[in-house]
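Below you'll find the structure, written out as structure tokens, and then a few comments.
The values are calculated or read from the model by the stated rules, or taken from the named source; none is laboratory data. If you're wondering where the values come from, they're calculated on a predicted model, not measured in any experiment. Ideal geometry is used to build each Cβ from the backbone, glycine not excepted, and the neighbour counts take in all protein chains shown.
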Amino acid sequence: MNFDVVVAGGSVAGLLCAREIASGGFSVLVIEEDYEIGTPEHCGGLVSMAGLEELGVIPFRKTFVHMIESAEITAPNGNSFTINSKKQKVVEINRRELDKQIAFQAQKNGAVIKVKTSFQEITDTGIRTNEEKIDCKIFVDARGVSSLVHKDRTGILLSAQYEIYADWIKKGKVEVLFDQEKYPGFFAWIIPSNDGKGKVGVAGRGINIAGTLDKILEEKGNYSTIRKIFAPIWIKGPIAKFVEGKTVIVGDAAGQAKPTTAGGIFTSGMGGVYAGHAIVKFLKTNNRLDLEQYQKKWTDRFGEEFAKQLFARKILERVDNKTINNLFESITPGIIKEISETDDFDFHTSSIIKLLGVKGSIKTVQTLIGGELKKLLS
């Protein structure tokens, strides 16, 4: 079997890459080790409408779930504030259906997709799967965080996300819970799918994620669990090289998920798009520089923002609960209004950190992070 390109991983980044390669007139095979495109769904499913449009996706009715109107952010002591997120036009999508929708786009452009087919190794002429050898000119690694396990375990956190029914879940309202003792270095979240239905998740460094999530649910009230997903997330930003020989790395495998929230539908998806464009050009010219334009284009677009998010992550991992509680007391209505009016979708962490330098912020934090805050705010 022979293809110009083989993509391992049938998620957003890999499928968008395949779509662009096929639309450029080259043969491409997508192999997915699971039995279904879109499974397992371990993503929160939040993305801006502007992001989807740039990815070239207008959600089908069954892909689009609903718009997010607000986000309630809660401190360890229970104090909270609510951000109005209507201006950000964030939508919760059905991630299974989004992947299938992009798979349909790729197939319509000429891509071939196979499930229950796993990548085994690179060969002299291409790759070997669990079924056969396939000749190809380019191999695209879009296998997600699993590709990073052997590279740097310090950038990986375990996460758990349950899909549940509970009358305390309100349509349109996301909840983010900070507690450095319960979820060190990260947070817990509630993402609604509708009134009474949604996803509750948690991640943190060195914790029992299943036990921690069970405690969150017990404290919230009555619920019924209909699905459980456990998955690693990557929080250390982009890897050093997106192109290694004839291997092109995209999506979570390239560290293209946001360091603050590990969300990556848009940033990883654009990685797939940029990689697809670069591969098409390379297959036409056989000029290595054309292939390496992929990393340059992604870095030009997202590099500065990811650097700021990595600073925000560094700060989050250094503050304790007392400092977080004090921070929440210093957040004024003006700060909340400023966060609400920004079009920065990443409101979980970085928007708050960026505004710590305004009038009303407490001296404790500015002393703690010193010059790092100035660099983050610049």
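Key figures
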read-out	value
Strands (runs of 3 or more DSSP E) contained in segment 29-147 and holding at least 1 residues of a type outside the set (A, V, I, L, M), more than 24 Å from the chain's Cα centre (by Cα) and outside the structural domain of Ala253 (by TED's automatic domain parsing)	80-84
Complete set of residues in segment 213-230 that are at pLDDT below 95 and either among the hydroxyl-bearing types (Ser, Thr, Tyr) or part of a loop (DSSP other than H, G, I, E, B) (or both)	Gly221
Among (1) touching a helix residue (DSSP H, G or I) at 6+ places or on another chain (Cβ under 9 Å); (2) modelled with pLDDT under 95; (3) in a helix (DSSP H, G or I) - the single one Met270 does not satisfy	(2)
Count of segment 231-256 residues which are outside any helix (DSSP H, G or I) and touching a residue at least 60 places away in the same chain (Cβ under 8 Å)	16
Residues satisfying the stated conditions in segment 94-151, i.e. basic (Lys, Arg) and over 17 Å from Gly25 (Cα atoms)	Arg95, Arg96, Lys100, Lys114, Lys116, Arg128, Lys133, Arg143, Lys151
Qualifying residue in segment 199-215 (condition: of a type in the set (A, V, I, L, M, F, W, C) and in contact with a Lys or Arg (Cβ under 7 Å, 6 or more places away or on another chain))	no
Failed item, numbered, when Trp168 is tested on (1) closer than 28 Å to Leu217 by Cα; (2) part of a loop (DSSP other than H, G, I, E, B); (3) at pLDDT below 95; (4) not basic (Lys, Arg)	(3)
Residue within segment 136-147 that is at pLDDT 95 or above and either over 30 Å from Asp4 (Cβ atoms) or of a type in the set (Gly, Ala, Ser) (or both) present	yes
Residue list for segment 190-212, filter: assigned to a helix (DSSP H, G or I) and touching a strand residue (DSSP E or B) at 6+ places or on another chain (Cβ under 9 Å)	Ile209, Ala210, Thr212
Neighbours by Cβ (under 6 Å, 6+ apart or cross-chain): first from segment 114-132, on the phi > 0 side of the Ramachandran plot; second surrounded by fewer than 13 Cβ atoms within 10 Å (Cβ to Cβ) and assigned to a loop (DSSP other than H, G, I, E, B)	Lys116/Tyr35
Check on Ile249, under 23 Å from the mean Cα position of the chain (by Cα) and at pLDDT below 95	no
Looking only at segment 236-293, and only at residues there that are among the small types (Gly, Ala, Ser), in contact with a Phe, Trp or Tyr (Cβ under 7 Å, 6 or more places away or on another chain) and over 22 Å from Ile156 (Cβ atoms), the one that is surrounded by the fewest Cβ atoms within 10 Å (Cβ to Cβ)	Ala278
Residue within segment 41-59 that is acidic (Asp, Glu), at pLDDT 90 or above and surrounded by fewer than 19 Cβ atoms within 10 Å (Cβ to Cβ) present	yes
Some residue of segment 327-337 being of a type in the set (A, V, I, L, M), surrounded by 15 or more Cβ atoms within 10 Å (Cβ to Cβ), part of a helix (DSSP H, G or I) and touching a Pro at 6+ places or on another chain (Cβ under 6 Å)	no
